[in-house]
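Throughout, read-outs are computed from the coordinates displayed, never taken from laboratory work. No experiment lies behind these values; they were computed from the predicted model shown. Glycine gets a Cβ as well: all are built from the backbone with ideal geometry, and neighbour counts include every protein chain shown.
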Amino acid sequence: MFTERVRCRQFRDRPTHVMFVNRKDRFHNIFLADSATYAHLRALDPELPDFAWGIIVRYRPQISPVQWEAVREFTISNAVQMRPRTFDAARRLMSMSARFGAWVWTTTGTQLTVERVYTQNNVSLYLHACLPKHSESHRWGFVRQVGTIADTLADAGIKRLPAPHLPGRRHSPFTVSDAATMHSWAASLTTDLKRQNAWALLGLAGGAGLRAHEIIETRISDIEVIDGRVFVNVPGKCARRVPVMHLWNRTLMRSVQGRTNPDEYVFRGYRWDEYRPRAIQSFLTEHPARVRATVSRLRSTWIVAQIDNGLPVPVLLAIAGFVTAQSLDKHLIYAQTANIDAYVGLIIGEEVAR
């Protein structure tokens, strides 16, 4: 009791102007100081949202303070120049690049420029040295992120890893019943924009075998109708002209019906700079269905249908945007077993393929 009275008297006798700084206030003061220190970097993107700047400046990786001090300005500069506009984008830019930059600086001592740090050799060595036991998805996501930084800020051309393989699902074709369910899902969405986006996914991936990044870049002017047949002029590195399957051509045309601006994207949605196809993933997540209309399975269904139809391999490679026939391996396991007897004439030379 005596001790408690003494403590109370000591507290009462303290000067009233003494301030008690709690943990939250201390962190806020650190943020304000760091914001002032790196204000010149925020100026690289005057439209950077306050919440994104807070994520970037407050970020602290679990590495040596000496390492972080050495690479912090370089990391913040790159993150700001990537112009993040979402919480996830800002956080991912920092988490994926901070440790990588620190590792490169520690092991090589190279000058901290995007051209010297974000190289194919450094990325490959980092995967081998620091991420050998991480999941396939994490390694894929890391390379995708640093590769986007390299491409955007230095045009470095980092080679991406193959997308994570999901056994039994990623490339397994949809059934006819699945297709009917996906059509019903698209028609049931509540606004014209949502329905048009759903029809665009089904028509471009299911009817023409486009990849997600190709769908994102396709504009209304890329779709043509000639003599009742629908064609898609696929943009990008694997530019090509693809006829749309009859099963899906009406679906695709519904997505552009009444839309007169030829430069408008067929699939409308916010495009993240670091991974533009994420708009498709977000759309499918926000509008769940009993059968999820993933682009990879729609494209695989289209490829397997072409194989079953007996389309010559060189033609299939051309319209699918493949470079080598090895790309067909993961789809061939789902193709129908061929009836050898039907091809005896071709095999022995009695017939000529049309």
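For volume of the Cα convex hull per residue in Å³, the candidate list reads [x] 250; [y] 135; [z] 165; the entry that matches the value derived from this model is [x].
Comparing I216, I307, I280 in a Gaussian network model of the chain where C-alpha atoms under 10 Å apart are linked, the largest mean-square fluctuation is found at I307.
Distance between the C-alpha centres of region 302-335 and region 249-295: 25 Å, rounded to the whole angstrom.
Of the residues A33, A98, A154, which exhibits the maximal mean-square fluctuation in a Gaussian network model of the chain defined by a 10 Å Cα contact cut-off? Answer for the Gaussian network model of the chain: A33. Considering the chain as a Gaussian network with a 10 Å cut-off on Cα pairs, which listed residue, S300, S64, S35, attains the greatest mean-square fluctuation? Result: S64 has the largest fluctuation of those listed. A cut-off of 5 Å between modelled amide H atoms, ignoring neighbours fewer than 5 places along the same chain, links V230 with V244.
For I158, the amide hydrogen comes within under 5 Å of the amide hydrogens of D151, counting only partners 5 or more places away or on other chains and with H modelled in the peptide plane.
In region 170-214, which trypsin sites (Lys or Arg not before Pro) are in a loop and have at most 14 other Cβ atoms within 10 Å, using DSSP for the loop call?
Filter output for region 170-214: R170.
Rounded is the label for region 71-163, because the ratio a/c of its alpha-carbon gyration tensor axes (a ≥ b ≥ c) stays below 1.5. A simple count of charges around E214, restricted to other residues whose Cβ falls under 12 Å of its Cβ and scoring Lys, Arg +1 and Asp, Glu -1, yields +4.
Considering helices alone, the calculated mean residue ellipticity of the chain at 222 nm is -16500 deg cm²/dmol, with DSSP H runs of length four and up weighted by -39500 (n - 2.57) and normalised per residue. In whole angstrom, note down how far apart the Cα centers of region 127-152 and region 62-76 are. Using only Cα atoms, the two centres lie 19 Å from each other.
If the cut-off is 20 Å between C-alpha atoms, which aspartates and glutamates fall inside it for K330, apart from same-chain ones fewer than 8 positions away? Reachable aspartates and glutamates: E136, D308.
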